[in-house]
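Scroll down for the structure; my scribbles are underneath it.
Nothing in this text is a laboratory measurement; each read-out follows from the coordinates by a stated rule. What you see is a predicted model; the values in this text were computed from it and never measured. Every residue, glycine as well, gets a Cβ built from its backbone with ideal geometry; the counts of neighbours run over all protein chains shown.
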């Protein structure tokens, strides 16, 4: 298993990590799939479309902030953090994504990339990358 | 790995593909699980309830269209497509689903079927089906 | 493959099942990952934060009840059940979660636990736990 670290820069942010995942994957031999796992409760992972102008990532951030409203009657508040909504947004994404491998490469579609989903940034975050046979 | 193709017929549509997945799976030998992967950024896959009257599929389409409102201030517009909301709806479903196999068959519950989730149809779409040990 | 059963007590409820999953997993030998699968269409599984005061679980239940409104024009009603919204809420979580194993233990982050998501309780429910190589 390999581990990535990344620094997020905004409260809600979709950060493409396709290159880092490919690097961590290295030569997977005859593995059947890659497993990408996020060990955080206010973050997740999705497969979506990278754009040079980042419009899809920006739309995702805008939309998740609207789907879960900061003004709802949340109960989980702590002295050191004010992030109850970030848990719900994370639960709407995935803690794990599994992508089949073809000739040792993730079978991503033409428009697909792998995105880390930050819902309580800025923070230093980890992503685990391993293979399945 | 096997590949399905399907034709969707509406903008937002939940299409059952259980039979096609079983056919693509064939005899999986002693594999432990089946991996179903959607290589698109405006579509996904979920496990839900097939009905002869398609009411659950219709409710899913209605609800995803409401959870993500077409009127939000999206930024991702292109000349050839007007689909920023479809990326968000897809991100709320899954690009991959993994189902354990028992005696070579997916361990689907009594009421479960596998659904392709179209959020930018009608289109020709692909689904990848592979096995994990 | 091992199977858990649990009894849920409320209509919408996030129940931590980390201990039961670990027990079902037992000694996984050199398996690479654990697959947790929910064979129900009005329930799911997510990785989220267990709290002694259950505030995160309570916020998740509150939020999923708001994201999908009981008052939307659903069509799936049956004599013996009135639960069209529960299918949509379930589709927003996951039927399967895959967690990598390190030294035979799920590589859960510091704040992570595994939660069964009930959207049509109270009911008796099943969860399947198996390993992937």
**Message:** Can you confirm whether residue C:78 is in contact (Cβ under 8 Å) with a residue 12 or more places away in the chain, within 11 Å of another protein chain (Cβ to nearest Cβ) and under 22 Å from residue B:114 (Cα atoms)?
**Reply:** no
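Looking at region A:18-29, which of its residues are surrounded by fewer than 20 Cβ atoms within 10 Å (Cβ to Cβ) and on the phi < 0 side of the Ramachandran plot? Lay out the reasoning, then the answer.
Within region A:18-29, the subset surrounded by fewer than 20 Cβ atoms within 10 Å (Cβ to Cβ) is A:18-20, A:22-24, A:26-29.
A:18, A:19, A:20, A:22, A:23, A:24, A:27, A:28 - these are the residues of region A:18-29 that are surrounded by fewer than 20 Cβ atoms within 10 Å (Cβ to Cβ) and on the phi < 0 side of the Ramachandran plot.
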**Request:** Within region A:59-75, track down each residue that is more than 9 Å from chain C (Cβ to nearest Cβ) and either under 27 Å from residue C:61 (Cβ atoms) or in contact (Cβ under 8 Å) with a residue 24 or more places away in the chain (or both).
**Result:** A:60, A:61, A:62, A:63, A:64, A:65, A:66, A:70, A:71
**Leading residue by the ranking (farthest from the chain's Cα centre (by Cα)) among those in region A:94-110 that are facing chain B (nearest Cβ under 7 Å) and crowded, with 23+ Cβ neighbours inside 10 Å** = A:100
**Fill in**
Exception for residue A:90 within (1) surrounded by 24 or more Cβ atoms within 10 Å (Cβ to Cβ); (2) more than 11 Å from chain C (Cβ to nearest Cβ) falls at (2)
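Report yes if residue B:64 is touching a helix residue (DSSP H, G or I) at 6+ places or on another chain (Cβ under 8 Å) and either under 17 Å from residue C:97 (Cα atoms) or part of a helix (DSSP H, G or I) (or both), otherwise no. Write out each step before concluding.
Numbers: touching a helix residue (DSSP H, G or I) at 6+ places or on another chain (Cβ under 8 Å): yes; either under 17 Å from residue C:97 (Cα atoms) or part of a helix (DSSP H, G or I) (or both): yes.
Judged against the criteria, residue B:64 is a match.
Tell me, yes or no, whether region A:119-133 has at least one residue that is within 30 Å of residue B:130 (Cα to Cα) and not in a strand (DSSP E or B). Can you show your working first?
As a first pass, look at region A:119-133 and keep what is within 30 Å of residue B:130 (Cα to Cα): A:126-133.
After this cut, where a residue has to be not in a strand (DSSP E or B) as well, the list is A:133.
Scanning region A:119-133 turns up at least one residue that is within 30 Å of residue B:130 (Cα to Cα) and not in a strand (DSSP E or B).
In the set C:118, C:19, which member is out of contact with any strand residue (DSSP E or B) (no Cβ under 6 Å at 6 or more places or on another chain) and more than 10 Å from chain A (Cβ to nearest Cβ)? Give the derivation first.
Numbers: C:118 fails: out of contact with any strand residue (DSSP E or B) (no Cβ under 6 Å at 6 or more places or on another chain).
None of the other options fit; the residue is C:19.
Please determine, by comparing only the residues of region C:30-58 that are in a loop (DSSP other than H, G, I, E, B) and within 13 Å of chain B (Cβ to nearest Cβ), which one is surrounded by the fewest Cβ atoms within 10 Å (Cβ to Cβ). Before the answer, list the steps.
Pass one, region C:30-58, residues in a loop (DSSP other than H, G, I, E, B): C:30-32, C:38-42, C:49-54.
Remaining after also requiring within 13 Å of chain B (Cβ to nearest Cβ): C:30-32, C:38-42.
Details: C:30: 8, C:31: 19, C:32: 21, C:38: 24, C:39: 21, C:40: 25, C:41: 26, C:42: 25.
Ranking the qualifying residues of region C:30-58, first place goes to C:30.
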